[in-house]
Amino acid sequence: MVLRGKCWKFGDNIDTDVIIPARYLNTTNPNELALHVMEDADKEFVKKASKGDIIIGGNNFGCGSSREHAPIAIKGFGIACVIAKSFARIFFRNAINIGLPIIESSEFVDESDEGDEMEIITDEGIIKNISKQKEYKVREFPQFLQEIIDNGGLMNWIRKVKL
């Protein structure tokens, strides 16, 4: 899968309440959650970002609650991928379970700036910062995780495998 978009950069310890504030958790509808994604970190995020863009985070991205609302809001908005130095483990699993690609790369995060244009080739483990003309090799997803992401999440993958 090839993903391409502009990146939006956030810092360390972006918790699930920053990704989608608790005041909006009366729904699990991805389209409604998407209206408020990242608003406590950047009030203008939903106005500035576009479908296909990429979120970049520091250490411990997605810490906090175990609820799936945070990755659902990100995916519902149309963010193509999240790249961070590290992820909270429950966020990592929730993101995979709903089919949101996530990648860990400290080097990429340190050397990229908000607004840079990116291209990610997920099945080869390649991230290209087109703006800076740099390429990074990251660990590829194991085949079964790539299949889960390619199928839009764990439940879709299970339905396909069982048929």
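Structure notes:
- Some residue of the range 107-120 being touching a residue at least 24 places away in the same chain (Cβ under 8 Å), within 28 Å of Asp42 (Cα to Cα) and touching a helix residue (DSSP H, G or I) at 6+ places or on another chain (Cβ under 6 Å): no
- Hey, Lys137 closer than 16 Å to Val18 by Cα, out of contact with any Lys or Arg (no Cβ under 9 Å at 6 or more places or on another chain) and either loosely packed, with under 15 Cβ neighbours inside 10 Å or basic (Lys, Arg) (or both) or not: no
Residue-wise test of (1) among the aliphatic types (A, V, I, L, M); (2) surrounded by fewer than 17 Cβ atoms within 10 Å (Cβ to Cβ).
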site: Met1; (1), (2): yes, yes
site: Arg4; (1), (2): no, yes
site: Arg23; (1), (2): no, yes
site: Thr27; (1), (2): no, yes
site: Leu35; (1), (2): yes, yes
site: Met38; (1), (2): yes, no
site: Val46; (1), (2): yes, yes
site: Ile54; (1), (2): yes, no
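- Wholly enclosed helices (runs of 4 or more DSSP H) of the range 85-157 bearing at least 3 residues under 22 Å from Pro30 (Cα atoms): 89-98, 143-150
- The range 30-45, residues that are under 15 Å from Glu114 (Cα atoms) and of a type in the set (A, V, I, L, M): Met38, Ala41
- Tally of residues being touching a Ser or Thr at 6+ places or on another chain (Cβ under 8 Å) and either assigned to a loop (DSSP other than H, G, I, E, B) or of a type in the set (D, E, K, R) (or both) across the range 1-32: 5
- Of the residues making up the range 92-137, those that are farther than 17 Å from Ile14 by Cβ, modelled with pLDDT of 95 or more and of a type in the set (Ser, Thr, Tyr) are Ser131, Tyr136.
- Filter pass, Arg67 being within 30 Å of Glu32 (Cα to Cα) and assigned to a loop (DSSP other than H, G, I, E, B): yes
The values are calculated or read from the model by the stated rules, or taken from the named source; none is laboratory data. Because the structure is predicted, anything quoted here is derived from the model rather than measured. Glycine gets a Cβ as well: all are built from the backbone with ideal geometry, and neighbour counts include every protein chain shown.
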